[in-house]
Amino acid sequence: MKTGYFTAPLCLSLSLCLPAMAGTKDDNERDHTTGPGGTPPVVNTIPASTIKDPVERFVESNVLETLYHEMGHALIDTMNLSVFGPEEFAVDFFAAILMERVHDEVTTRQLFEDVTHAYRADDQSDRAAGVETSSWDNHGKPMQRYYNMACLFYGADPDGRKHALELFNLPDGRADSCAEEFEQANFAWGGVLEELSEGTPGTSITLDWILDNDSHLTQYVTREVAALNRMLVMPEPITVSVIPCGEVNAYYDPDPREIIICTELSDHLAGNAP
Ligand SMILES: [Zn+2]
């Protein structure tokens, strides 16, 4: 089926910080040495790689990438950032940069594997259903987003991640430019993240509508919102809601400055888990 998540009628975006995050390192984090390209140490909460249940881990990886993507929209909105090119691509790159900066190597690899698997699954579902992926959509086609993610992962550390070429079946024609693509995206979003890291920890992101406090999705989003607050302070308060939407989706609404994570998203992802 054609999934609408990551699409948002009114998406905007956000990003992440870094140097200041060093102090928020979670007990679960394994490696906080210098990141790719000399980026600051990183930190985070719940390494996807430590999740026992593979389906839960897969859902969490993709929900996290979605949350980062929507944060990218929130950042573009609240910081009034200039966007040179399609915003949806920019916030996909933001999500990738954040995944790269905030997590240790093992977790980062798992995140990228899970996120790219979800894009491939969407592509295969579309093909099976005879659905033509839309070239007019402001989001990239699933496999385009797959290769963008794969390229940024490889490009963050081409020497240390040669395995990624085969893992993601990344053609030489694309791989050759991945280091430069990562460097460009990391430079663009890095300054934003560093600016937001001042004054951390913050409380600028709060949960709003939560219909089921005990659900796995709600609990995971709650933990990751807390992690984001430890890493950055938004210029304007934003809220995050986890609610049924009647569709598989997630989006940022700039009017109330709210990120909506639809509960249908986790069910959809669970069905696409490897
Ligand atoms: Zn979006």
- Task: Over all alpha-carbon pairs in the range 19-272, figure out the percentage whose distance exceeds 30 Å.
- Result: 21
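So between V106 and Q184, what do we pick up on full extension, going 0.36 nm a residue minus the alpha carbon distance?
Details: separation 78, 0.36 × 78 = 28.08 nm, distance 2.35 nm.
Using 0.36 nm per residue and subtracting the Cα-Cα distance, I get 25.7 nm.
Contour minus end-to-end for E198 and A226, with contour as 0.36 nm per residue of separation and end-to-end as the Cα-Cα distance?
Details: separation 28, 0.36 × 28 = 10.08 nm, distance 1.63 nm.
Computed gain between E198 and A226 is 8.5 nm.
What size of dipole, in debye to the nearest 20, comes out for the range 19-272 about its Cα centre when the only charges are +1 on Lys and Arg C-beta atoms and -1 on Asp and Glu C-beta atoms?
On the way: 16 positive and 45 negative charges, 92 e Å.
Approximately 440 debye in magnitude.
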- Note on the structure: Counted neighbours (other Cβ, 10 Å), sorted fewest up, put W189, W136, W209 in the order W136, W209, W189
- Query: Considering the Cα trace of the range 172-236, what is its radius of gyration and what is Dmax, both in angstroms?
  - Reply: 16.8, 47
- Set the Förster distance to 22 Å, then compute FRET efficiency between L207 and V55 from the Cβ-Cβ distance, nearest 0.05. 0.35
- Using alpha carbon coordinates only, what is the Rg to Rh ratio of the range 228-270, with Rh defined as the Kirkwood radius? 1.05
- Kirkwood Rh over Cα pairs of the range 50-182 into Stokes-Einstein at 10 °C, 1.306 mPa s: D in µm²/s? 103
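For S134, S61, S82, what ranking results if the residue with the fewest other Cβ atoms within 10 Å of its Cβ goes first? The partial results should precede the final answer.
Numbers: S134 11, S61 25, S82 6.
Listed from fewest to most nearby Cβ atoms, that is S82, S134, S61.
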- Taking a quarter of the surface of the Cα convex hull of the range 145-190, what do you get in nm²? 3.0
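Summing +1 for each Lys or Arg and -1 for each Asp or Glu, what net charge is found among the other residues whose Cβ lies under 11 Å from the Cβ of A118? If you can, show how the numbers build up before the last one.
Numbers: positive: R120, R145; negative: E65, E113, D114, D122, D123.
Neighbourhood net charge equals -3.
All of the numbers you see were taken from the coordinates with simple rules; none came from a lab. Note that this is a predicted model, so its numbers are computed, not measured. All Cβ positions, even for glycine, are placed from backbone atoms using ideal geometry, and neighbour counts span all protein chains on display.
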